[in-house]
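Only one structure is covered here, and it is reproduced in the block below.
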Amino acid sequence: MPETLAAIQGLSSLTVTCLNLFHHRFDTGNLRLNPQVDLDAYDAVVVHNSASYNPANVASLDSLLARKFADFGGARVLFKQDENYRFRHTAEVIGRMNFDVVLTCLPDGELSKIYPRSVVGNGVRFVRMLTGYVTPSLRTRFPAFAGTAVRPIDIGYRGSIQPLDFGRLCYEKRQIGEEVKRRLAGRGLAMDISSRWEDRFGGEAWFDFLTRCSCILGVESGASIFDLDGDLDRRVQGIVQRLGPIRDDSAYCEAFLDSLRDLEGNVAYNQVSPRHFEAAACGALQIMYPGEYSGIFLAGRHYIALARDFADLDDVLERARDPVVRRTIVECALDEIVMNRDYWIESFVARLDEWILLSLEEKGRKRRERVLVKHDAHHGLLLAPHRAHLDPRLRWILEGATGEMTISLMGLELGGAPEVSPLAGLEGFLGDQPLVAADASWLTLISSMVGSDPAGNAALRELLELERSLALPTVALCERYGASTSSGRLDDFRWYLKYLLDVTRSLVMPVLSLRGLQFVVAADLPALPAALILKAVLGTKVLYDAHEYWAENDGRAEPFEIAFWQGVERRLAPHADLRQVVSPGLAELLGDETGCHFDAVPNCTPKRAFPLRSDSPQASPAQPRTSKVRFLFQGLLTPGRGLEDLLHVWKTVPDNAQLCLRGPDGDFKNSLVRKASDLGLSRDAVVFLPPVGEDELVSEARGFDVGLIPYPPSNTNNANCCPNKMSQYMAAGLALLANDTNYVRQIVMAAECGVVVDFGRADRLLAAIQFLASHDAERTAMAESAERYFLAVFNWESVSHVMYRRLLELVANKPTMGLSSWAVGPFSVYRDQGATADAAGRRAETSELSPSPETSTDRRANGDFQHLIHRISRAAWRRLPESLRKRLRPLRSRAAGGRKS
């Protein structure tokens, strides 16, 4: 059930709030919503079948609300199963509470018997549903060689003991197991068969059991007796008086059922069960009584039919032991049922959306959808933990997606006055979202959303660790991470912890309103927790584009910081579906550290950036020729890039060598200007050029002679760098002069487009500058080789095609669709929104899914105290011996059920 609810939340085109009444119920009687729940904040209300088994619970849900279900202006939807139980009361509730859509397990021809229009009204729409659907995780459970693999259990089964007045169909749920176990005893078969409540499996234990079973028994789900005449209770009392108190032995059960044989099948309610899908997905051969199974499972094709008198038991056993028969049936059930989209939860949710939206449209309440991408495709979203235009690679990824794939881009404003992004107006750019603080209530919200998903929980654990660390005093923080209390980096470390928390919150919330999203690309480590949470909530795949080695991203980081970020990346990276960095050296390093494979996708400018030929009328003018050989560095002018060393060497270079430094203004640029002056370098020897836009870098580099890459191999990132400027210089037709780093050397040597030397050796650097300044022919040949290598090999289109292909392979089993956003106003489950509604909620236009733990209503006298009593009573019940629980269960059920219909 949790996965089904998560699928509805993640797959629906609507923003879905899931209110778990186990945690949020108001008292210990019939289910009642907290009086602070605000129905008017929603467009639709759906009551799940886990809450609707007893119609008294449905009737009481709105008893404390200001707005009643009957007066609610949106769509009212009821999921209903087990419809033999108190169906008259259910029909009355449907009519009185004005439900618009009822999802029922009844076939159309039986509806009037259970839900007469005179009771339910003419406005309600009944839609047939299955009792369960195939979820994405279920489709991955089929084991390799399932048709032939040896399994330790020959025949397995877990049945259930149902009330006899539910009919023979319910009795068969235990009878098949008891009879097969009795008849095959002593035959040397490994059997694990039981219908006792205490022997039932839950969660992963159930799937482990199915995987260990060669064959699994089964019967249809449902009930075969409905109390249509209203005298079933009277007849049952008469049977008990005649046969004695209800017993479990087969003789008693057969006599009891024989007394009700005239009622058998008075409503056709036999159907497929979720366990039939689960057994097929786990590769177990199903041996079942013949039946309809909702027209899905066919005897002899998807299961082996076992006669109800067991006359053919030996023949069935022989067929089940035949490896050819077993493999044929098991694989047929997988291919034709488990992998059939008609039975997938995705298809069910799409139909559910249609029914809700149709109801809203009829009421004039349907919200306008904002279409982001109209055409059907596989849609992805690239998340950046900074303003999106700052890294050109992000735009390359966005614009490089073609054909069956689209990629949108979302960044963050990290402070200061909001600015219009240079990417504004770019197709697929969803803006830079505001950075909003993540608090404890938001983490509580996220924990309720990710459920048991491994990726979401891995991200959540890291976020909770960050939150706890931020709350620690200095000494405790230092003890936790092995830092010195005198470290000058503690404030910076705290800033990074808060930054990662806030980035995650600020990226997650806007994306929750998107529908049609199939994969997320996390740009850099700070975006990875957000991507993994979205993977848990929306079911998206994740590509982690680490770019470089985040642990050494800040050159001032101390060992304790590096170790901390190494740990975060090591724990989170395995939960991504694909991983990549910018160079083979970094791919090998991160692969070793995380135990995961990383691809290398270099930073390369696209071929569209290649400048037009000078004879084209649209070509931008080349830089005017001079007698100087001009060495160009363009990019951010920041410390650690080897620029100071270049200035020192330039004192002794030939007069015809001119150093040109282009980059944004700032304190460091000003310090370089002063240093050049202090060194006696003339304005003709060193020229500081104004910055240009990203789109102009290649065209503005034309006419220069040599492109400089001075980065010293002082840390892991520099030693394995792949700077954007390398491909930009090559596209502009420049020879390269580069410091000796691993990947840059590899490319320059392969392209034969320049000189690589150790810039730390001033004599060698000077010799290289002198050579390039004095050998025009060799320099020109290098420039031409650079341009050819760029066009043939080292451009974005060439280096990224494998990345796009792998992304498509990740989502190949998902249907293509449009990409849209269903914007809603900020709201919380509770009227008193407390800490859950904030600026990010307003900007993101998404719904919070649970109330703040500090909401005032949680502390009302009938809130925490009653909830505590409920928890204590449940705990006491679980401690009772099973024999006593079995005797008390009818009384407990009667107490919970209230009055009978």
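Tabulated data for the structure shown
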| quantity | calculated |
| --- | --- |
| For segment 248-262, 3J(HN,Hα) per residue [Karplus equation, 6.51 cos²θ - 1.76 cosθ + 1.60, θ = phi - 60°, Hz, x = Gly/Pro] | 9, 5, 5, 4, 4, 4, 5, 5, 4, 5, 4, 5, 10, 5, 5 |
| Share of carbon and sulfur in the accessible heavy-atom surface of the chain [1.4 Å probe, %] | 51 |
| Part-to-part distance (alpha-carbon centres) for segment 390-443 and segment 103-175, which is given in Å | 45 |
| Å² of accessible area per residue within the chain, as computed with a 1.4 Å probe and no ligands counted | 43 |
| Listed residue pairs exceeding 18 Å between alpha carbons, taken from K80/K363; K607/K725; K366/K541; K651/K675 | K80/K363; K366/K541 |
| Convex hull per residue volume in Å³, alpha carbons only, for segment 100-220 | 164 |
| Taking N as its residue count, the alpha carbon Rg of segment 69-108 over 2.2 N^0.38 Å | 1.18 |
| Nitroxide proxy distance, nm - points 7 Å out along Cα→Cβ at R468 and E419 | 3.9 |
| Cα pair distances of segment 689-831 binned at 10 Å [whole percent] | 10, 31, 27, 12, 10, 7, 3, 1 |
| Dipole of segment 3-128, positive end: most advanced residue of F99, A66, V46 [Cβ charges, Cα centre] | F99 |
| Degrees between helix 762-774 axis and first principal axis of the chain (Cα, 0 to 90, nearest 10) | 70 |
| Cut-off under 5 Å, modelled amide H: who pairs with A657 long-range | V629 |
| Virtual paramagnetic centre 7 Å along Cα→Cβ of D314, amide N under 18 Å, in segment 183-210 | 183-189 |
| For the chain, size of Cβ-based charge dipole, Lys and Arg +1, Asp and Glu -1, in debye | 2340 |
| C-alpha long axis of helix 323-333 to longest principal axis of the chain, angle in ° | 80 |
| 5 angstrom amide H check on F429, placed H, neighbours 5+ away | L409 |
| Kirkwood Rh and Cα Rg combined as Rg/Rh, segment 370-599 | 0.96 |
| Charge tally in the Cβ shell below 14 Å around A536, where Lys, Arg are +1 and Asp, Glu are -1, A536 excluded | -1 |
| 25 °C / 0.890 mPa s Stokes-Einstein diffusion coefficient of segment 207-312, Kirkwood radius on C-alpha pairs, µm²/s | 153 |
| Once the Cα gyration tensor of segment 3-128 is diagonalised, semi-axes √(5λ) in Å | 22, 17, 15 |
| In order through segment 63-69: 3J(HN,Hα) via Karplus (6.51 cos²θ - 1.76 cosθ + 1.60), integer Hz, x for Gly, Pro | 4, 9, 8, 5, 9, 7, 4 |
| Degrees separating the helix 864-879 axis from the principal Cα axis of the chain, which is the longest one | 60 |
| Whole-number Å³ per residue for the convex hull built on Cα positions in segment 271-385 | 181 |
| MRE, 222 nm, helices only [DSSP H, n ≥ 4, -39500 (n - 2.57), over the chain, to nearest 500] | -12000 deg cm²/dmol |
| Per-peptide average of other Cβ atoms within 10 Å, ordering 123-130, 766-773 highest first | 766-773, 123-130 |
| Cα-only Debye scattering, segment 446-577: base-10 log of I(q)/I(0) at q = 0.20, 0.22 Å⁻¹ | -1.14, -1.32 |
| Selected from M749, M129, I769, residue furthest toward positive end of dipole (the chain; charges at beta carbon) | M129 |
| Percentage, to the nearest whole number, of Cα pairs in the chain over 58 Å apart | 24 |
| Projected-area average for segment 381-473 over all orientations - Cα convex hull basis, square nanometres | 8.4 |
| Shape category assigned to segment 161-260 from the gyration tensor of Cα positions, a/c cut at 1.5 | prolate |
| From phi via Karplus (6.51, -1.76, 1.60), per-residue ³J(HN,Hα) for segment 428-439 in Hz, x at Gly/Pro | x, 7, 9, x, 9, 7, x, 7, 10, 5, 9, 10 |
| Fraction of antiparallel bridges per DSSP, the chain only, in percent to nearest 5 | 10 |
| Cβ-placed point charges (K, R +1; D, E -1), dipole of segment 113-206 about Cα centre in debye, nearest 20 | 400 |
| Segment D248-E92, length gained on full extension (0.36 nm per residue, minus Cα span) | 52.7 nm |
| Translational diffusion coefficient (Stokes-Einstein; Kirkwood radius from C-alpha pairs) of segment 136-340 at 20 °C, 1.002 mPa s, in µm²/s | 120 |
| Per-pair calculated FRET efficiency, R0 = 30 Å: S452 and R367 via Cβ, rounded to 0.05 | 0.45 |
| Dipole moment magnitude, nearest 20 debye, segment 233-334 about Cα centre, only Lys, Arg, Asp, Glu C-beta charged | 220 |
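The values are calculated or read from the model by the stated rules, or taken from the named source; none is laboratory data. All figures in this text were calculated on a predicted structure; none of them were measured in a lab. Counting neighbours? That spans all protein chains shown, and the Cβs are built from the backbone with ideal geometry, glycine included. All accessible areas refer to the heavy atoms of the entire protein, side chains included, with ligands and DNA or RNA removed. Shrake-Rupley method; radii C 1.70, N 1.55, O 1.52, S 1.80 Å.
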